[in-house]
Each structure stands twice: as C-alpha cells, then as structure tokens.
1. Go through (1) touching a helix residue (DSSP H, G or I) at 6+ places or on another chain (Cβ under 8 Å); (2) assigned to a loop (DSSP other than H, G, I, E, B) and name the single condition residue B:501 misses.
2. Could you list, in sequence order, all residues of segment B:369-384 that are surrounded by 23 or more Cβ atoms within 10 Å (Cβ to Cβ) and either at the interface with another protein chain (Cβ under 7 Å from one of its Cβ atoms) or in a loop (DSSP other than H, G, I, E, B) (or both)?
3. For segment A:156-168, name all the residues that are more than 28 Å from residue A:50 (Cβ to Cβ) and assigned to a loop (DSSP other than H, G, I, E, B).
4. Return only the number of the condition from (1) without any contact (Cβ under 8 Å) to a residue 24 or more places away in the chain; (2) more than 21 Å from residue B:216 (Cα to Cα) that residue B:67 does not satisfy.
5. Of the numbered conditions (1) surrounded by 14 or more Cβ atoms within 10 Å (Cβ to Cβ); (2) at positive phi, residue A:488 satisfies every one except a single condition; which is it?
6. Here are some conditions: (1) in a helix (DSSP H, G or I); (2) within 13 Å of another protein chain (Cβ to nearest Cβ); (3) more than 30 Å from residue A:163 (Cβ to Cβ). Residue A:322 meets all but one. Which one does it not meet?
7. Looking at the structure I just gave you, is residue A:302 crowded, with 23+ Cβ neighbours inside 10 Å, within 14 Å of chain B (Cβ to nearest Cβ), in a loop (DSSP other than H, G, I, E, B) and over 18 Å from the mean Cα position of the chain (by Cα)?
8. Regarding residue A:224, is this residue under 21 Å from the mean Cα position of the chain (by Cα), without any contact (Cβ under 8 Å) to a residue 60 or more places away in the chain, in a strand (DSSP E or B) and closer than 23 Å to residue A:127 by Cα?
Protein chains: 2
Amino acid sequence: MVQVRNSILEKWDMQEISCKGHTEGNPFTDYDIKGTFSHPQESLTVDGFYDGNGIYKVRFMPSFTGTYTYRIFGSFSTQAYEGTFQVTEATGENHGPVRVCNTYHFAYEDGTPHYSLGTTCYVWELQDEKLQEKTLETLKNSAFNKIRFCIFPKHYDYNLHEPISYPYEGMPVDSSLLTKDNFMEYMGKSEGNEWDFTRFHVGHFQHIDSCIEKLRDMGIEADLIMMHPYDRWGFSQMKPEDDELYWKYILARFSAYRNVWWSLANEYDLLAKKSIKDWERMAKTICEKDPYHHLRSIHHCITMYDHTRPWITHCSIQRTDVYKCAELVDQYRIQYRKPVVLDEIAYEGNIQHGWGNISGKELVRRFWEAACRGGYAGHGETYMHPQDILWWSHGGELHGESPERLAFLLKILKETPGYGLRYKTDAAWDEVAAVPDSLFLQNDYMLIYYGFNRPSFRDYYIDDVTEYEVEVIDTWEMTIEKIGTFKGKFRVPLPGKEYIAVRVRKI
Amino acid sequence: MVQVRNSILEKWDMQEISCKGHTEGNPFTDYDIKGTFSHPQESLTVDGFYDGNGIYKVRFMPSFTGTYTYRIFGSFSTQAYEGTFQVTEATGENHGPVRVCNTYHFAYEDGTPHYSLGTTCYVWELQDEKLQEKTLETLKNSAFNKIRFCIFPKHYDYNLHEPISYPYEGMPVDSSLLTKDNFMEYMGKSEGNEWDFTRFHVGHFQHIDSCIEKLRDMGIEADLIMMHPYDRWGFSQMKPEDDELYWKYILARFSAYRNVWWSLANEYDLLAKKSIKDWERMAKTICEKDPYHHLRSIHHCITMYDHTRPWITHCSIQRTDVYKCAELVDQYRIQYRKPVVLDEIAYEGNIQHGWGNISGKELVRRFWEAACRGGYAGHGETYMHPQDILWWSHGGELHGESPERLAFLLKILKETPGYGLRYKTDAAWDEVAAVPDSLFLQNDYMLIYYGFNRPSFRDYYIDDVTEYEVEVIDTWEMTIEKIGTFKGKFRVPLPGKEYIAVRVRKI
C-alpha cells in the first residue's frame, strides 16, 4: 500500500506519495508515473519522477482545505496506489504561492501583498555544507524574500572549483589545470565531460529539494534558474531531447513547492546553442507541466527577451545601460504591462568587473528608484574575499552596507496602502513621486524620492481639503522624522542631502 | 582729428577709435559710422556705434603685426577721420581668440590648446559693485577659463531685485509687490514697462565692456548670453526690428574683444515669441557683422537646437535627461560633428530645484565623464544663502567642493598630448577610456575613468612592445600615484573606491 509522509497537511504545503517500482533498465526514461488528486473543488493529474533506489514519487500542492483522494498510476509498477489525506488551513507564514496581482505587483495566494526583495547567490547550494549553513543563517537574519539560484553548477571568474554534486551520472571535465587566467578557454565547452543525460544524479536534486524547503520555511521564494551559459560541463548545450527530459524532471520534482519561481535562464542570449524557438518550446513545457502556474520569467544579458510573450508572468531584467536601469522601470511597465523585477542592476562590491563594484549607496538608490517607479530591484554582493567567497555566487556572509537599508525600504513598502506603487507621471520633473497603484487609494498616500538631488525644501500641493501627515525619510540613515500635518499648499524643510524621501499620508 | 587711445597695441588686443559726431535726433538710429582697417595681410570694414555724449566709436581687433591704416566714415559726421597704428606680437597670456580646432576641440588662435572649463554666473555684472569685485576675485583664484553671463537682467526665483542698470532708456515695471511667491506671474510679461528700444542706455554697455576687459585680462572667455526668457521687462519679446538694432549694437560694440563668445540664447525654446526663423535671422546677423568669427552657439531647455546648422561653431548643451548627460557626449559628437560643451548639467548646491542641488562629487563625476568622452562640461553653484546670493546668478564666493577638483581635472587635461581626448570605442564596457583625438598620438596616452564603479584592480593590454608609465589618479582626493612601468599584459591595483582614473603614458 501507499506511503504518505504527512496524512494531514496545510493548504499549499507539499504532499508527497512515494511508491516502489521497477528498477530494470533506465527508470528515468523507461517508465512513467502519474497521480490524480481529487477534491470537490479541484482535480489535478500530475507527473511523478524517479528518485533512485526503486522509489518513485508523486508530489502535489493542495489549494483547498478538506479531504483529498488520490490515485497513483503508470508503467512504473503493476500495482495500483490509492489513498486520502486531509488539508487544513494555512497557518503562520504560509500564505500560498506568489501570484501576479493588479498587473504590476505581487501577492501571495491568500491576498497578502508580496513586495519582492530579491538577492542573487547563483550556486550557494552547491558549496560545502558549512558555507551553505552560513548562507541560510545570513538569509534568516536578512529581509530578502526571494533568492535566485541555479540548478546547474557555475563556471566563471571566482567560480572555478567543483560543485558538491552534479545533476547527472558521469564524469566532469578535468579541472586540475583550470586557473583564473585560462578559465575563459573552458567556457561553454563540453569536451572532456562524460555525462549520461538520461540518468539524473538524484542526490543533486534531493539536496535542492531540501534547500527549497529550508527557504520556504524562512518565507523566501526560490527563483530557480533552470539554465545558464556559465558552464564548462556541456549543460548549456544539451540536445533538445535531453533538455526536455531535464525540464520534465524538474517540473515533476519542484512544482509542488509553493515557493518556487521558474527562471528559464540567466542570460538566455549567451547560450550560443539555443534559439528563441528552443526557449519557447521549454516555456511551453513549463506551462503544460506545472499545474500550479508558478511565476515564469527569463533573464537576458544584451538582448532583452520579448516580455510580452503570454507565458512570461513578470519581467526579469538586467540593466542594459551602465547609467540608467531602475530609472526605466516606469517605461518597462508601459512596454510590457507586467510586474518589473530588476534582477540584475550591478552588485555592491569592489571586484574588477563593472557589474560587481558599485557602492551600497548607489545600489540602495537604484532600489528606491525602482520602488517609486512601481517595480522591484534585486540585490547582490561582490566584495573581494581572501577565499574568493562572494555572496553573489557562493553565499556566506554579507559585508555590504545595502542589506539593512533594503530591509528599511521593505518596511516602508509594507506600510503602503494597496499592493504596490506607481510612478506619478504628473509629478515635478525633479522628483520621483509614487502613489498607490489603485484608483481608490491614489490620493491617500505619496512617497517622493529625491535620489542624488539635495533640496533644502520642497513645496507641495495636493488639494485644499484633505489633511496629510508628512514625514521626512532619510533612506540611508534609516530615519523617519514627523514634520507635521498639512493641507492645501505646504512647504517641507529638507536636510539638503542625498537620498531623502518624503512620505505624505492622508490622516 | 582722430583720437587713438593706444597707438601701439598687441595683436588681438582692441583698437578703439573715438570720434565726435552729430547729437541731433536719435544718434543710435539716425546716423551710421564705419571703419576700414588696412594692413598688407587684411583689410576689414566694420560697424561702429554711438556711445553717448556725442561720441561715436569704431573698434577693431588686429590679427597681424605691423602698421595698420584706418579710415572712419559715415553719416555721423561731416568730417573724415584717418590714421595709423602699430601692432606688436602678443605677449603673456594673450593667445588670441579661441577657435574650433580639430573638429571637436578648441585652441587659441596662436595654437595653444584651450580646454574649456566654464562656469555660469548669469548676471554677476549687474549686481552691486562690491559683489562684482568679489566675483572677480573668486574667478582670479579659480581655474575657470570661461564664464556665461547675460546682457539683459534676469528675473526668476532668487533673482527678484533690480539690476544696477538697464540696457535701454526708460522705466522698468514696478517690482514693489514682487515676491518669491508671485514671481511667476511677472514672467515673460512686458506690461508696465516703458522702454525706448531705439535708445540704448550706454552706461549699461560701457559697464559690460569693462567686465569683458577684466575677464580678458584674467584669461577668461566671456560667453555672452544675448537673449533669455527669464524676463519681466519685455526684453524677451521685442519686435524683430528692435532685436536687429540690439544685435547690431552688441556686435559693433563687443566683437573686437578677443575673449568674446556669442551665445544667441539661454533656453531659446522658452522664448515664446521667437521662432526658429527669428533665431536663424539673428544668427545671420552675427555672421555678417562679426568680422572675427567668434564662437557661436545656442542653448536650449527642452528641445535641442539643430547643432548641425552651419553657423553654430560648437554645441552648447543642457542635459535633457535627469540621469544621463555627460555620458552622451560621444553620441553628441557623432551627431553634431562639433565640439560638445555641456553648459548646463545641474549645479552643485542645495536649493529646492533639481537643476541646482547635486553634490560636488556628482558634478565632478560628470566633468570627468564629459572629458573622457571628448567634450567639456560647465560648472555652476546654487547653495542656499542668507542673502540669496547664489554663484549661479550673482557670483560672489564659491562654497562648493567641486571647483578645486575641476582645477585638478584641467591640470590633467593640460598634460594630455594634442588638443583633446576622444572616447575609445573599443574599450571595455565598464570603463570610460579616452585617448588623444589624433591618429599620431592615440597610442601614446590613455586616460581611463571608473566613475561610480569601484574596481580593486584592472587588467590592461595595449601591445607587446611599448613601455608605458602607469599612474592611479584619485579624481576626488586629487592625488596621482605612480604605479610603475609596464608592457604587454599588465594588472594595476586600484583602491576599490569611487572616482578613480588610470593614466597610461608612453615612455
């Protein structure tokens, strides 16, 4: 009979059904397993996957409370499996998966707003255990609610050592002669590797399961980067049928985690062997095989993907100009009509690369610009380190000045009415004024950001009758000073320094 | 007989011939006066002007050494005037007028490079005498070699009081009820003024003569703003025939000063009563009436003028984007094929207006960007002041952090080979690398600027054989550190902070 690990679970938690099955031949390709999960309000049939040692698994995320029945079937076994389980209300920080809300913003399925505050640690989960623990500890003490990381290991400057595991059975290319000076010669090559792309190394994926779970339990979204070009193992140039097997495996395995987002690629346009046709095919697979409709995006290097494609739920943008990026959020919104997430706008740090050496002040400025223009920026950190442990790729500890200021911004965002902000197009040219992205709320609240400008005062006028409470926010010093209540025309004294915002709230 | 103030003068100094003439009727319009100045290598006929008290003047700037003869004629008098004078070689800081040199740069007529380092004090010369003296003292102790200022007085925020003089005979509008709160109601209006636009107030222009002379003697170019929209007196909406009289008067009066530049307008597009046709007509007048071909430009607010117009010698640009301006210099060069002077890129200060409240650091960063992209930026300062004396309009003292750093930049520019720099288009995307704007010199020198990026080191490669001396420049701290000599591939350690440049010079 069927083994159910949790016969009672919360809504949006994961139900996993494990079944013994055939081990002859190649269990990853020779057999199939599916599960149908039924409840008066939903019935879904989902794919399962082989998890090694003769164990096949089907995972499911229930969206309703009450009794679910299920049936497991497929060629994996001659036996039929059936059972029931109970789903209770979500509790604590379980708000369900994040959805697009109100065109440009996010909310959890239970309606709680989600103000995206992401960070990037490309392969934190493939570092040694001690470093992983440190990363999780750092995340726990941070305000980040999303982390971008890769399923495949990363090969690049500062990323030369072997990962703790590989996704396939086989042997990686010999890296004993690899150095900081010759790593580009290995880049995007597959020679010297011996992989069986039809046999997954289940330990690699079991480990990622546990990472997704740990993130989920901290309230952090796992923005999974499925493919990327920073590769010496040939994972960026597999054949379409290998890609397809990979995607289906990932989808069967990870879809039932409520905190998963799908990032089809990091810098899709640098994968020389992939065409738009390939990306669209993979996107189609996700749409077909993820029954929970997790958020889907794709990230570029030079040429932005067409974010109007229907399968894309939100823009995942890398800056395309050294000087302007967050400042373009309101334009991107008009262009793409989706939430704008700037996943890469240069990292706080001091390495030699221009994408990784801006100041904490400049990074925080970009976050505020993005927020007040109705979008969301992403963090990363790249400080030189004696052991080359850079948060951006390895995790570990944070050394920068931006994280606590980003937590402060998140606090401010959580205090906005509605689900997010929009740029006030009729505001003065020399301020970035944001109002709630809602017709009903737009006169109740205003957040005006002055960035690198340093006014000593500003004059405001909203209307003649409404009373507003006005506060001056020092976004760098993280102070909020109440100035008073005003109506009609009013003047607000300001400190004449950079990075000041003014918050105006209807009383 | 003729009165000659200096019968011996230096090349490019000014020769002025004063003659008594008719005083009946309106001497400004009823009579004409011209002078023909002859030398074996040039013969020019120029207009003179009426300077009040029965005195008519003809001014001339000789371009050659030796004996000049002249003849003064016209309806101003029944008498004929003739004479000779001697022209000697230029000495000291007299290098002649500034010319466009090598398409994108400037040089004085004697071939000395001119790296434009301008500042803006719109109506410094119309403030009280004590303040003017302070301005001149400040300029003397600064590195600025150009100053933009207006012939007409200025009406705007912080500019409400009466000027020390007006350009015409008559009465200005009553300003007794004018306040900081209602000044916009007066803007661009002419009601309440009583001017005779056919009778210049010569004292106003005699004073500007003396200012141009004082600037000349300090080696500072006088970038004369002929028209502007910040007006409550109707000077921005005179009739075409009044404009024509004004232009001819100005041209006859000021052309013979070697340090004059013509700026047709500040923010031409805000003069509601003027069309492109008007500006082109005025430009034609300048070309016809300035026999010395001083530099000519026109400055905009929203809509850039077509700087490809043949009469425009160099672009005079105001930033059109809050975030990018100096960063566009290399594009403007391609677009306009002329020297790019960013006369307005926001000022160092802390007033309420976004055009006047950036930090010294940000202003200096913009200057370096402009310089390394082959152009020239302009300074201004707008710090709050108890008596509303802001350098930007009134002159006085400088309070900011940028001027000494701009002097440091000028020193660096004076040490470049050739006449100026160009952006090295094949440099890395994350650095602004400049080389001499000369085929012969471009491999001899490189200046690489990192702006807000903070690399801890950078790798360079020019060729395998040439030896280069490498220095690290802290553009903010104004230090230059010799790193060593290198050839082939080499790595330069950098301090991992903002505003660093690297100078590479062939040994």
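The values are calculated or read from the model by the stated rules, or taken from the named source; none is laboratory data. Predicted, not measured: the structure shown is a model, and the values here were computed from it. Heads up, the Cβs are rebuilt from the backbone with ideal geometry, glycines too, and the neighbour counts pull from every protein chain shown.
1. Failing condition for residue B:501: (2).
2. As a first pass, look at segment B:369-384 and keep what is surrounded by 23 or more Cβ atoms within 10 Å (Cβ to Cβ): B:369-382.
Within segment B:369-384, B:373, B:374, B:375, B:380 meet the criteria.
3. Initially, segment A:156-168 is screened for residues more than 28 Å from residue A:50 (Cβ to Cβ), giving A:156-161.
Result: A:157, A:158, A:160, A:161.
4. All conditions pass for residue B:67, except number (1).
5. Residue A:488 satisfies every listed condition except (1).
6. It is condition (1) that residue A:322 fails.
7. Values: crowded, with 23+ Cβ neighbours inside 10 Å: no; within 14 Å of chain B (Cβ to nearest Cβ): yes; in a loop (DSSP other than H, G, I, E, B): yes; over 18 Å from the mean Cα position of the chain (by Cα): yes.
Against the criterion (crowded, with 23+ Cβ neighbours inside 10 Å, within 14 Å of chain B (Cβ to nearest Cβ), in a loop (DSSP other than H, G, I, E, B) and over 18 Å from the mean Cα position of the chain (by Cα)), residue A:302 does not qualify.
8. no
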